[in-house]
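The values are calculated or read from the model by the stated rules, or taken from the named source; none is laboratory data. Please read these numbers as outputs of a predicted model, since none were measured by experiment. All Cβ positions, even for glycine, are placed from backbone atoms using ideal geometry, and neighbour counts span all protein chains on display.
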Amino acid sequence: MASTRWERFWCCLLRVGVKAILALFSLFVPQQRGRTEGLGLPRITEPLLRVSAVQLARNIRRKQVTSVQVVQAYIDRIQEVNPLINALVKDRFAAALQEAAQVDKLIEEETGGEDVLEDRLPLLGVPFTVKEAFALQGMPNSTGLLSRRTVVSGVDAPPVALLKRAGAIPLGVTNCSELAMWLESHNHLYGITRNPYDLERIAGGSSGGEGSIIGSGASVIGVGSDIGGSIRIPCFFNGIFGHKPTEGIVNNRGQYPPASGQQPSFLCTGPMCRYAEDLLPMLRIMAGPNAEKLSLSTNVDLRKLRFFSVPHDGGSHLLSPVDPQLIQAQKRVVEHLKADLGVQVQELRIPQLKYSFQIWGAMMSSPGKDGKPPTTFAELMGGGEKKVWPVWEFFKWFLGLSSHTMAAIGLALVEMFQSSQPSPFILQQKESLQKDLEELLGTDGVLLYPSHPQLAPKHHQPLFTPFNFSYTGIFNILGLPVTQCPIGLSVEGLPLGLQLVTGKLQDHLTLATALYMEKAFGGWREPGHTEHTQNSISNNVCNAT
Ligand SMILES: CCCCCCCC/C=C\CCCCCCCC(N)=O
């Protein structure tokens, strides 16, 4: 489907405009260089930090280790790396240690045996972290908005409460982008979060604090949210696993800002973790009663699945081309699936994907079923008071007087020119993409698609490539479950990754595939280890079920 000359002209104009503004912007931006150059993360020496949450819980139940020892090990690691990555923005270490001591006492006194504990409290004694955009009792909940700096949560958001009820112990809250709507985790309240693989690069957004702290080995599991890629993008940049569940499965209440218009069906809350085996149990817990809608107890035989590989979006003029290292990595995955499982992997082009950004933008600004339009970004920036005037904020920013980031101001500026009526052409593309993908994937299809066209960019660079998030955002609009998998490191030592997409309510298929991919491609690698993907395919043959 060729784009018209008119479209190409507008894309070109937009790109030139954005680049011109941003070239100017880069003159004003504070440079990271010098402060972090040459610094890497200290190596992980504590073996407890190299164990999945599920395994930690088992070892705690079996009294092979105490919860206090595990929580203390994570506190020590956070204290070691956080000054470098700025990921955890408020801790509750003292309370966490007290709770861990209570867990150890409970286990000492429990007479029902290990199975009873596993059934009732599957994550008993395991520490976790939470994106600051979620309510965690006693912790700030500003979502990076300076005017919300004094907001402290009185209750827990439902998925956080469910994890606590499963016995997990929160260590604190992590940074995100302003109002959770950007690819970089940066705001004027907490500053900028850095990537553990290269401190000069971004940790992603909006759940970038979670991505960075987990990727650094300073947290094992965490809670993120995703309306355009905010779980999957930071998981990709930080080399970890993340799952955006089928729409409506995990309760989205208790996060700021609340979604409005049609956005509630695009927003998803989900797990982020270093080890693939933690994805499914976390989803089961976080979904509460909705877990029954998923087939999470079904054994998946990967040999019976149909795989499809789509290497890029078909060439949207707005987005960067996919990095050749990512194309190669996806090819290696395809070859491995064919050789090891004996499955067919069909390579496809899906023409409607070229309009991913236009589809996402149109649907995000559409009114809800009640006819009400979504709250504007300028209103959200006003923090419930008067909305901000984007042009005014833009000038204030250049004078160093704005309390907002350039990304947030840019979003508010773009919104001023956005129509609330999606064009019939874009709506038609969305409908046909939805239909085609649902038919293609059915109940046994898994699609491989890049998580992002670029490897983790340098700080502030997404301001020049703002539409690249569309590789993830399109699946929010379609409501499909997606798992981001790490698949080794690039020649620069940056994480490579891949999205696994499946049909609605078939989350178990991508979660099972993620477990397989971890065995085949090595999963999370400790930052600082620069073994490259070329050598990373292990000969481990995975039991496909
Ligand atoms: C100063 C440059 C700003 C240009 C803005 C261009 C508009 C791009 C539109 C939307 C970018 C949204 C990025 C969303 C990232 C993920 C959000 C999420 N919570 O899942």
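Points worth noting:
- Per-region count, region 414-434, residues closer than 19 Å to GLY473 by Cβ, part of a helix (DSSP H, G or I) and within 16 Å of the ligand (Cβ to nearest atom): 3
- The sole residue among TYR449, TYR471, TYR516 that is at negative phi, within 14 Å of the ligand (Cβ to nearest atom) and not small (Gly, Ala, Ser) is TYR471.
- Members of region 103-119 found to be without any contact (Cβ under 8 Å) to a residue 24 or more places away in the chain and surrounded by 13 or more Cβ atoms within 10 Å (Cβ to Cβ), listed by number: LEU106, GLU110
- Region 40-64 - residue that is polar (S, T, N, Q) and assigned to a helix (DSSP H, G or I) and, of those, surrounded by the fewest Cβ atoms within 10 Å (Cβ to Cβ): GLN55
- A count restricted to region 259-271 and to residues that are assigned to a loop (DSSP other than H, G, I, E, B) and more than 13 Å from the ligand (Cβ to nearest atom) stands at 3.
- Taking the numbered list (1) more than 16 Å from the ligand (Cβ to nearest atom); (2) under 18 Å from the mean Cα position of the chain (by Cα); (3) closer than 18 Å to LEU318 by Cα in turn, THR510 passes all entries but (3).
- Output for region 65-117, where each listed residue is closer than 30 Å to ASN238 by Cα and outside any helix (DSSP H, G or I): VAL65, THR66, ASN86, ALA87, LEU88, VAL89, LYS90, ASP91, ARG92
- Residue within region 182-190 that is touching a Lys or Arg at 6+ places or on another chain (Cβ under 7 Å), away from the ligand (no atom under 15 Å from the Cβ) and either at pLDDT 95 or above or of a type in the set (D, E, K, R) (or both) present: yes
- The residues of region 350-366 that are within 12 Å of the ligand (Cβ to nearest atom) and within 11 Å of LEU433 (Cβ to Cβ) amount to a single one, SER356.
- Residue match in region 322-336 (condition: more than 30 Å from ALA378 (Cα to Cα), in contact with an Asp or Glu (Cβ under 8 Å, 6 or more places away or on another chain) and not hydrophobic (A, V, I, L, M, F, W, C)): no
- The number of residues in region 397-407 that are modelled with pLDDT of 95 or more, part of a helix (DSSP H, G or I) and more than 9 Å from the ligand (Cβ to nearest atom) comes to 1.
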